[in-house]
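> The structure's right below; bear with me while I get my questions together.
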Amino acid sequence: MFARVLHVAPEMAPLVKLGGLGDVVGSLPKALRSADVDARVFLPCYAGLRERLAAMGFPCLPVDGGELHVALNWRVYDGRVWETVVGGVPVYLLDQPELFGDPQVYPRESTLGATLPFAFLSLGALEFARIWKPDIFHVHDWPGGLLPAALAWHRHYRSLQQEYDTVLTIHNMAHQWILAPGALEAWGFARDAFALDRMEFFGSLNVLKGAIVASDAVTTVSPRYSWEIQTSQGGFGLHGVLAEHRGKLSGILNGLDDELWNPEADPLLPAPYSFQDLSGKARCRQLLLERFGVEDDDKPLLVFVGRLVEQKGVDILLASLEAFARMEARTLILGSGHAVFENALRDAASRGGSAACVRVGYDEELAHLLYAGGDILLMPSLFEPCGLSQLIALRYGTIPVVRAVGGLADTVIDADGSPDGNGFVFSDYAPHEFSHATWRALVRRRDAAGWAQIQRRGMTQDYSWHHSAIAYADVYRKLRGMGNM
Ligand code: ADP
């Protein structure tokens, strides 16, 4: 293998997953190992994780000499590292019950105290490198962002800068880890880190900004998103910094774990199906409707799976529900997120009129059933760095209706506009645009043979990690001075 790469991340499917970042960390390292990279993962050992691992059949052993100590907030935190192997990928779990005792992964507020676990994760990974020394640290989003910044500006760790290359992958610009500047001192950073061209951000401290500046390479999760974040609409205040560093920025589309997301062999489906024989989809529809407790009245099923937050376009989804009902379609929604959206959706469903059914919560099995049993996936995102739901839907023969942003624009082609179309696309963030695109999809669905053709086109496209893993391996090769091979 030509490089040793340690992925430092807050989530990894199937161990801990809240969204797409978890899917990526669960599948990219596996694909990288097939592309000649010794990729491993460094993850917090959240409360209950080792017990869950045991129940899932992954034995977890203490790493020899895996005790480490990190100075933070004027005291020393002790940690220990466990090792397990998931899908052939070595995974190191950083255990510190005081810091990772909260089963909720992400802090509820951006304060020095609440975000301390992720400062410990980054500095802990640097300490762990004494035991397993990578060539490259590959960090994901703000929770890993302090690591490249520490190699550049930490009083102690900057002496190690020449020993490692660093890659930052931005999964979502909306979250940046902004704190009062006093945090720098508490973490042991030198004062010069607080400069306009380093971590300073309108008088505060911005860890993601520091990570962008300090990393040797920055990637985002789709080509389109890599330029959207250089605009004032997409950059969340960091568009200027990203534009300035665009020479080391690239957009690499996320792939799907095609073993996990495979309608031909999905253990969570009542019947498997393939692009040659779609008949199993009808059984999935039946079970899906049973799960939602509704009779099958032959209506087309519009499905939504995702976090109920502004990013996902929940407000235009809400505003379109009655229009969908008038189109004689049924909408099935699974998600959790902001209470305002959860309540508004519940209210809309209970009002009747909308023909919508809503399940609030996180439910892996129901998500698989929705992708398999639905006809059309709704994804009207306000912004979408890559999006995995549309890729899963395409693989499951469920046609996506998406807004043309980020990775959605890179992966979905309008079937009314192109013979290669695999879905339906709209541009303006407006309910009437969204419902019009959905209506176009419903009209096309009346032609069963034509619809099956669109389904098969999506199901036979390659969304696996294969190409993207090669692209990441090329980023590593360049950093190692090996050029593209
Ligand atoms: P994001 O990372 O912004 O949440 P993505 O589309 O990239 O969005 O990935 C979301 C992933 O999380 C998909 O695998 C999706 O199926 C899953 N997911 C989201 N919400 C739920 C939920 N309530 N129940 C089950 N799976 C969910």
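Read-outs: derived from the displayed coordinates by stated rules, not from any lab. Being a predicted model, the structure only gives us computed values, none of them experimental. Neighbour counts are summed over all protein chains in view; Cβ atoms, including those assigned to glycine, are modelled from backbone coordinates with ideal geometry.
> Just one of GLY313, GLY361, GLY306, GLY337 is within 28 Å of the chain's Cα centre (by Cα) and closer than 19 Å to ARG395 by Cβ; which is it?
Matching residue, one of GLY313, GLY361, GLY306, GLY337: GLY306.
> Among the strands (runs of 3 or more DSSP E) confined wholly to the stretch 1-92, which include 1 or more residues that are closer than 30 Å to LEU253 by Cα? Quick ask: steps written out before the conclusion?
Working: elements: 3-8, 37-44, 61-72, 75-86.
Of the strands (runs of 3 or more DSSP E) lying wholly inside the stretch 1-92, those with at least 1 residues that are closer than 30 Å to LEU253 by Cα span 3-8, 37-44, 75-86.
> In a helix (DSSP H, G or I) and without any contact (Cβ under 8 Å) to a residue 60 or more places away in the chain: which single residue out of ALA409, ALA449 fits that description? Show your work before the answer.
Working: ALA409 fails: without any contact (Cβ under 8 Å) to a residue 60 or more places away in the chain.
Just a single option satisfies the conditions, and that option is ALA449.
Listed here are the residues, each with its yes/no results for (1) under 19 Å from TRP261 (Cα atoms); (2) more than 10 Å from the ligand (Cβ to nearest atom); (3) of a type in the set (D, E, K, R).
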residue: SER320; (1), (2), (3): no, yes, no
residue: THR331; (1), (2), (3): no, yes, no
residue: HIS338; (1), (2), (3): no, yes, no
residue: LEU345; (1), (2), (3): no, yes, no
residue: GLY353; (1), (2), (3): no, yes, no
residue: ALA356; (1), (2), (3): no, yes, no
residue: GLY361; (1), (2), (3): no, no, no
residue: THR398; (1), (2), (3): yes, yes, no
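Conditions (1) under 16 Å from ALA409 (Cα atoms); (2) buried (at least 24 other Cβ atoms within 10 Å of the Cβ); (3) in contact with a strand residue (DSSP E or B) (Cβ under 6 Å, 6 or more places away or on another chain); (4) in contact (Cβ under 8 Å) with a residue 24 or more places away in the chain, marked per residue:
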position	(1), (2), (3), (4)
ALA195	no, no, no, no
PHE201	no, no, no, yes
GLY210	no, yes, no, yes
THR220	yes, yes, yes, yes
ARG224	yes, no, no, yes
GLN230	no, no, no, no
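Okay, residues lined up against (1) hydroxyl-bearing (Ser, Thr, Tyr); (2) within 30 Å of PHE137 (Cβ to Cβ); (3) exposed (fewer than 14 other Cβ atoms within 10 Å of the Cβ); (4) free of Cβ contacts under 8 Å to residues at least 40 places away in the same chain:
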site	(1), (2), (3), (4)
ARG456	no, no, no, no
GLN461	no, no, no, no
SER468	yes, yes, no, no
LEU479	no, yes, no, no
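> I need the full set of residues from the stretch 373-395 which are more than 11 Å from the ligand (Cβ to nearest atom) and within 19 Å of LYS17 (Cβ to Cβ), in order please.
Residue satisfying the conditions is ARG395 alone.
> Moving on to the next point. Which of (1) under 21 Å from ASP135 (Cα atoms); (2) within 16 Å of the ligand (Cβ to nearest atom) does PRO29 not meet, given it meets every other one?
Going through the list (1) under 21 Å from ASP135 (Cα atoms); (2) within 16 Å of the ligand (Cβ to nearest atom), PRO29 breaks only (2).
> Same structure again: Of the conditions (1) buried (at least 16 other Cβ atoms within 10 Å of the Cβ); (2) closer than 27 Å to LEU318 by Cα, HIS432 clears all except one; give me its number.
Unmet for HIS432, out of (1) buried (at least 16 other Cβ atoms within 10 Å of the Cβ); (2) closer than 27 Å to LEU318 by Cα: (1).
> A further question follows. Return the residues of the stretch 260-294 that are in a loop (DSSP other than H, G, I, E, B), in contact (Cβ under 8 Å) with a residue 40 or more places away in the chain and on the phi < 0 side of the Ramachandran plot; say none if nothing qualifies.
Applying the first criterion (in a loop (DSSP other than H, G, I, E, B)) to the stretch 260-294 yields 260-279, 293-294.
Within this subset, residues satisfying the condition of being in contact (Cβ under 8 Å) with a residue 40 or more places away in the chain are 260-263, 266, 268-269, 273-275, 278, 293-294.
Answer for the stretch 260-294, where residues must be in a loop (DSSP other than H, G, I, E, B), in contact (Cβ under 8 Å) with a residue 40 or more places away in the chain and on the phi < 0 side of the Ramachandran plot: LEU260, TRP261, ASN262, PRO263, ASP266, LEU268, LEU269, TYR273, SER274, PHE275, LEU278, VAL294.
> Taking the condition among the basic types (Lys, Arg), in contact (Cβ under 8 Å) with a residue 12 or more places away in the chain and surrounded by 20 or more Cβ atoms within 10 Å (Cβ to Cβ), does ARG346 pass?
So ARG346 fails the test.
> Give the stretch 126-169 a look and list any residue that's in contact with a helix residue (DSSP H, G or I) (Cβ under 7 Å, 6 or more places away or on another chain), in a helix (DSSP H, G or I) and hydroxyl-bearing (Ser, Thr, Tyr), or say none.
Result: TYR157, single match.
> Give me the pairs: first residue in the stretch 4-20 and under 18 Å from LEU388 (Cα atoms) and of a type in the set (Asp, Glu), second residue assigned to a strand (DSSP E or B) and away from the ligand (no atom under 12 Å from the Cβ), beta-carbon distance under 8 Å, and six or more apart or on different chains, which are they?
Sorted first by the residue in the stretch 4-20, then by its partner, the pairs are GLU11/LEU43.
> While we're on this one: Determine the pairs where a residue that is on the phi > 0 side of the Ramachandran plot, located within the stretch 380-399, has a partner that is of a type in the set (Phe, Trp, Tyr) and more than 12 Å from the ligand (Cβ to nearest atom) with Cβ atoms under 9 Å apart, the partner being 6 or more residues away or on another chain.
From the stretch 380-399, the pairs are GLY397/TYR273; GLY397/PHE275.
> Here's a follow-up. How many residues does the stretch 272-310 contain that are within 16 Å of the ligand (Cβ to nearest atom), aromatic (Phe, Trp, Tyr) and closer than 18 Å to GLY458 by Cβ?
1
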